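Taking it in order: structure first as structure tokens, then the write-up.
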Amino acid sequence: ILEHPAGGYKKIFESCDELAEPIPAHVSGKIPAWLTGSLLRVGPGLFEIGDEPFYHIFDGQALIHKFDLKDGHVTYYRRFIRTDAYVRAMTEKRIVITEFGTAAYPDPCKNIFSRFFTYFQGIEVTDNCLVNIYPIGEDFYACTETNYITKVDPDTLETIKKVDLCNYLSVNGVTAHPHTEPDGTVYNIGNCFGKNMSLAYNIVKIPPPQDDKSDPIEKSKVLVQFPSSERFKPSYVHSFGMTENYFVFVETPVKINLLKFLTSWSIRGTNYMDCFESNDKMGTWFHLATKNPGEYIDHKFRTSAFNLFHHINCYEDQGFIVVDLCTWKGHDFVYNYLYLANVRQNWEEVKKAAMSAPQPEVRRYVLPLDIHREEQGKNLVSLPYTTATAVMCSDGNVWLEPEVLFSGPRQAFEFPQINYKKYCGKNYTFAYGLGLNHFIPDRICKLNVKSKETWIWQEPDAYPSEPLFVQSPDAKDEDDGVLMSIVVKPGVTQRPAFLLILNATDLTEIARAEVDVMIPVTLHGMYKP
């Protein structure tokens, strides 16, 4: 395991400037001729406004990055997304809108009465869309996890408009990890107020591009509703699973205290992070619903407590649903360890903090669809290739135990990707991920979920981003293609950042395109051919 005593990783959490125009990259190796398109990524790019710092990794202002590939040449471009949060901060030279882990304070120049009223005007929700970018219809949207998404131009990186999903759907927000079908239909999940004011979760469906060129968002609808384990406290949801015929929703013990959210918000200094709490009694609940028509299936699947951010994939097989997840053991919230002060510490301190954090593990859970009460105490899972179990308990709950696909102390396989176009919701073999070493991203991994074999790409003092898989045009096998990742080498004097292109089969390097600017951490993104 690589150590990072020089602490170069701190540089990926530092502010940078946007670029006036695309800059050429220096290419070594040979970029495949068929690889022409844009790699689009988003992440935080501004970590303070004047002398006011942002405190959490999810607070930095959204910066959109683009590597363009054409005829073996590469250019790099980046721009801040002109969100309300960003524009107002630039105008007033202070943090105006409360972010995930940083509270905004009323304007110090206003008098005491107008300041007092600002506190009680209710919640101004952030539109800082730094988490992901995805297509809806013919358009591209940058997003975070609130009700606001931001339409951007994928060519010029210009900000087009802010869209409030509450105008079209009854959800309080949606995740930054929608699922997309081959025809362009988009599904997502968000919490909402269900029957008699209790909390629930809605799966929403946005139709594919429309013949009359109208906006598909206007035709979006709620497809199915999942109940909440606690009436007034929804769980934090970051992603969900989808097979050919089912939705899989994993409800974790990390809860949003809605009452706290609505009441303390108007009182000085509350932010989103302050409103999370853990339910140390509930463990983790799995929920299923059918897709067409959307109907909730009332099986009570339960297991021990874990945090979940990213589903890898799930699929149906012989009456079972196989669900592969990047988990973090326990009910302590992982985001508590992602304050910038934590990840900017010296290496020994970083390691010490990670010792007390939840432990990462890639797990496979198997959910039986055919359940009979009389089969108490026996393992209902008969798939020959997995050790995951599901046992009917006397109270009617089905208790799940996972098969561990990957585990290493404080070594996470995270930001998972698959050959999504061909294998989303289907029986698959390969997952690709970003390796986190005590929360520091320092390697690219490939995992064979069937044999548990792993491959790794790593260089000393190099910090990659989530690897995106792009299938080669004449692909025969699932892993015929390339992985694309933005890598930063802060210790290098010339060209400290590059686009890395790896052969997805064995993680050998095909090419790199180096640029003469630092690139801060990016979270998620997409490849646009």
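The values are calculated or read from the model by the stated rules, or taken from the named source; none is laboratory data. Source: prediction; values computed, not measured. Note that each Cβ is placed from the backbone with ideal geometry, even for glycine, and that neighbours are counted across all protein chains shown. Surface accessibility is based on the protein's heavy atoms, side chains included, excluding ligands, DNA and RNA. Shrake-Rupley method; radii C 1.70, N 1.55, O 1.52, S 1.80 Å.
When each of VAL482, VAL517, VAL492 is tested for being touching a Cys at 6+ places or on another chain (Cβ under 9 Å) and either farther than 18 Å from LEU434 by Cβ or buried (at least 22 other Cβ atoms within 10 Å of the Cβ) (or both), the lone residue that passes is VAL517. Does ASN279 satisfy the criteria of being among the polar types (S, T, N, Q), surrounded by fewer than 19 Cβ atoms within 10 Å (Cβ to Cβ) and within 20 Å of ALA200 (Cβ to Cβ)? So ASN279 passes the test. Please work out if ILE133 is touching a strand residue (DSSP E or B) at 6+ places or on another chain (Cβ under 7 Å), surrounded by fewer than 17 Cβ atoms within 10 Å (Cβ to Cβ) and assigned to a strand (DSSP E or B). For ILE133, the condition - touching a strand residue (DSSP E or B) at 6+ places or on another chain (Cβ under 7 Å), surrounded by fewer than 17 Cβ atoms within 10 Å (Cβ to Cβ) and assigned to a strand (DSSP E or B) - is not met.
Within the range 355-373, at least one residue is without any contact (Cβ under 8 Å) to a residue 40 or more places away in the chain, assigned to a loop (DSSP other than H, G, I, E, B) and open to solvent by 60 Å² or more (accessible area, probe 1.4 Å). Within the range 190-204, the set of residues being over 16 Å from TYR141 (Cβ atoms) and either touching a residue at least 12 places away in the same chain (Cβ under 8 Å) or surrounded by 14 or more Cβ atoms within 10 Å (Cβ to Cβ) (or both) comprises ASN191, CYS192, PHE193, GLY194, SER198, LEU199, ALA200, TYR201, ASN202, ILE203.
Just so you know, in the range 26-40 the residues that are hydroxyl-bearing (Ser, Thr, Tyr) and either free of Cβ contacts under 8 Å to residues at least 12 places away in the same chain or not in a loop (DSSP other than H, G, I, E, B) (or both) include one that is farthest from PHE67 (Cα to Cα), and it is SER28. Is it fair to say VAL404 is assigned to a strand (DSSP E or B), β-branched (Val, Ile, Thr), surrounded by fewer than 16 Cβ atoms within 10 Å (Cβ to Cβ) and under 29 Å from the mean Cα position of the chain (by Cα)? So VAL404 passes the test.
Among residues of the range 495-513 that are buried (at least 24 other Cβ atoms within 10 Å of the Cβ), those with a Cβ under 6 angstrom from a residue that is polar (S, T, N, Q), sequence gap 6+ or separate chain, pair up as LEU500/SER485. Counting only strands (runs of 3 or more DSSP E) wholly contained in the range 189-277, the ones carrying 2 or more residues that are over 22 Å from the mean Cα position of the chain (by Cα) and more than 22 Å from LEU338 (Cα to Cα) occupy 221-227.
The rows are residues; the columns are (1) farther than 23 Å from ILE418 by Cβ; (2) in contact with a Lys or Arg (Cβ under 9 Å, 6 or more places away or on another chain).
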{"residue": "ASP480", "(1), (2)": "no, no"}
{"residue": "LEU483", "(1), (2)": "no, yes"}
{"residue": "VAL488", "(1), (2)": "yes, yes"}
{"residue": "VAL492", "(1), (2)": "yes, no"}
{"residue": "ARG495", "(1), (2)": "yes, yes"}
{"residue": "GLU514", "(1), (2)": "yes, yes"}
{"residue": "VAL517", "(1), (2)": "yes, yes"}
{"residue": "PRO520", "(1), (2)": "yes, yes"}
{"residue": "LEU523", "(1), (2)": "no, yes"}
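Among the candidates LYS70, LYS162, single out the residue that is open to solvent by 50 Å² or more (accessible area, probe 1.4 Å), under 29 Å from TYR201 (Cα atoms) and not polar (S, T, N, Q). Result of the check over LYS70, LYS162: LYS162.
Reported count of residues in the range 447-478, each being touching a Lys or Arg at 6+ places or on another chain (Cβ under 8 Å) and part of a strand (DSSP E or B), is 6. The C-beta contact set for the range 146-169 (first residue closer than 18 Å to GLU218 by Cα and acidic (Asp, Glu), second residue open to solvent by less than 50 Å² (accessible area, probe 1.4 Å) and assigned to a loop (DSSP other than H, G, I, E, B), distance under 6 angstrom, 6+ apart or interchain) comprises ASP164/ASN147. Within the range 378-396, the set of residues being open to solvent by less than 30 Å² (accessible area, probe 1.4 Å) and assigned to a loop (DSSP other than H, G, I, E, B) comprises LEU380, VAL381, LEU383, THR386, ALA388, GLY396. Taking (1) modelled with pLDDT of 95 or more; (2) open to solvent by 20 Å² or more (accessible area, probe 1.4 Å) in turn, ARG231 satisfies each apart from (1). Among the numbered conditions (1) over 21 Å from LEU288 (Cα atoms); (2) aromatic (Phe, Trp, Tyr); (3) open to solvent by less than 20 Å² (accessible area, probe 1.4 Å); (4) outside any strand (DSSP E or B), the only one that TYR428 does not meet is (1).
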